[in-house]
Amino acid sequence: VGAGVPVRRFARAAAPAQALAFGTHSSMASLPAMLEAAEVRLGLSRTATGFVLPMLLAVFKYSGPAWFVVVTCFVGRLYDVAIDPARTAAVVVAAVVTSFAIGGVPSGAAVVVAPVLTAAGLPVEAMGLLLAVDPIPNAFRTVANVTGMLAVTVLADLRPRRPAT
């Protein structure tokens, strides 16, 4: 909306990349579909798509920190450990910093959750349980990341062009 692209047009353009993200659980596997959505369906410049999308794929996993906080609350409750405000602050800082290490591979966030659990004073052994239940929420996190990457790319292209017909 902020870039002047109608929501319906954006949703239609993003749908193939979102479906691929949901099925593969990998934002990296969704890059070709994101590039097609941005260049062909949304008519964005190659400069925006050739630079912004790969950069976002490397560093922009915005669903990671939110997931880390939810995981911390879940594991804290599971182990009957209260997450007080001081621990919450440490978890938020660790979650943001750790999110830059998430790879674009299936369950990439579940693999790097150990520093966040450590910051909360929780046992790292809980990662085994997280890996067992992660596939379902991971599909939705991956779709959210792909959608966010496309949205930021649209915003980065100051004048989105109509796709060639």
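Each reported figure results from applying straightforward, stated rules to the coordinates on display, with no laboratory input. Nothing here was measured: the structure is a model prediction, and the numbers come from that model. A quick note on method: Cβ atoms are made from the backbone with ideal geometry, for glycine too, and the neighbour counts reach across all protein chains shown.
Per-residue Karplus couplings for the stretch 41-57, computed as 6.51 cos²θ - 1.76 cosθ + 1.60 with θ equal to phi - 60°, are listed in order as 7, 9, x, 7, 5, 5, 4, 5, 6, x, 10, 5, 4, x, 5, 5, 4 Hz, Gly and Pro entered as x.
Normalised by 2.2 N^0.38 Å, where N is the number of residues, the alpha-carbon radius of gyration of the stretch 59-137 equals 0.99. Put a plus charge on the Cβ of each Lys and Arg, a minus charge on the Cβ of each Asp and Glu, and nothing anywhere else: the dipole of the chain about its Cα centre is then about 800 debye.
Seen against the Cα atoms of the chain and their longest principal axis, helix 135-156 is set at about 40 degrees.
Based on C-alpha pairs under 8 angstrom that are at least 6 apart in sequence, the stretch 72-122 has a relative contact order of 50 percent. For Tyr79 and Ile136, the difference between the fully extended length at 0.36 nm per residue and the C-alpha to C-alpha distance is 18.3 nm. Of all the options Phe140, Phe51, Phe100, the one that moves most in a Gaussian network model of the chain with Cα springs shorter than 10 angstrom is Phe51.
Radius of gyration over Kirkwood radius for the stretch 109-162, both on Cα atoms: the Rg/Rh ratio is 1.23. 3J(HN,Hα) along the stretch 91-100: 5, 4, 4, 4, 5, 5, 5, 5, 4, 6 Hz, from the Karplus curve 6.51 cos²θ - 1.76 cosθ + 1.60 with θ = phi - 60°, whole Hz, x for Gly and Pro. Using C-alpha pairs under 8 Å with a sequence gap of at least 6, the mean separation divided by the residue count of the chain gives a relative contact order of 38 percent.
With all pairs of separate Cα atoms included, the chain yields a Kirkwood hydrodynamic radius of 16.6 Å. Using 1/(1 + (r/R0)^6) with R0 = 22 angstrom and r between the beta carbons of Phe100 and Val40, what's the FRET efficiency to the nearest 0.05? FRET efficiency, Phe100 to Val40: 0.15.
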